[in-house]
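Chemist: Here it is, the structure, as structure tokens.
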Amino acid sequence: MLGQAMENSDPAVEVESPCQACGACCSYSPNWPRFTTEDDSALDLIPEKFVNARLSGMRCDGDRCSALSGKIGEATACGIYAVRPEVCRTCMPGDPECDMARRRHGLPVLG
């Protein structure tokens, strides 16, 4: 019984990131997933196939980052989540950038 109570109180089990059912910020603009504050060692961790020809940001297919998989608004995942650029790390659920991207895709805002 004690093990059950501990298992049910694990916040990682109960809370799912709204980002995993969204992906709007990763499919907003080919200029958004740009490199800004990363140093060379951080950029070297991003697989070359996901970097644009100018080496200034992520490669996009239209407005969609090439590292994004899944369907916007349903289920998405980042193929380079652990080494994603700083601009991707700073966009948070419900912040103005998130809300703007969600509106563009016809999704309700979180904020």
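The values are calculated or read from the model by the stated rules, or taken from the named source; none is laboratory data. As the structure is a prediction and not an experimental result, all values here were calculated from the model. No Cβ is skipped: glycine too gets one built from the backbone with ideal geometry, and neighbour counts run over all protein chains shown.
Chemist: Can you say whether Leu43 is among the aliphatic types (A, V, I, L, M), over 20 Å from Glu97 (Cβ atoms) and modelled with pLDDT of 90 or more, as far as the supplied structure shows?
Modeler: So Leu43 passes the test.
Chemist: Lys49 is checked against (1) at pLDDT 95 or above; (2) farther than 16 Å from Cys19 by Cα; (3) in a loop (DSSP other than H, G, I, E, B) and fails just one. What number does that condition carry?
Modeler: With (1) at pLDDT 95 or above; (2) farther than 16 Å from Cys19 by Cα; (3) in a loop (DSSP other than H, G, I, E, B) applied to Lys49, the lone miss is (3).
Chemist: Let me ask something else about it. Looking at the stretch 37-71, which of the residues that are touching a Cys at 6+ places or on another chain (Cβ under 7 Å) and among the hydrophobic types (A, V, I, L, M, F, W, C) is surrounded by the most Cβ atoms within 10 Å (Cβ to Cβ)?
Modeler: Ranking the candidates gives Cys65 first.
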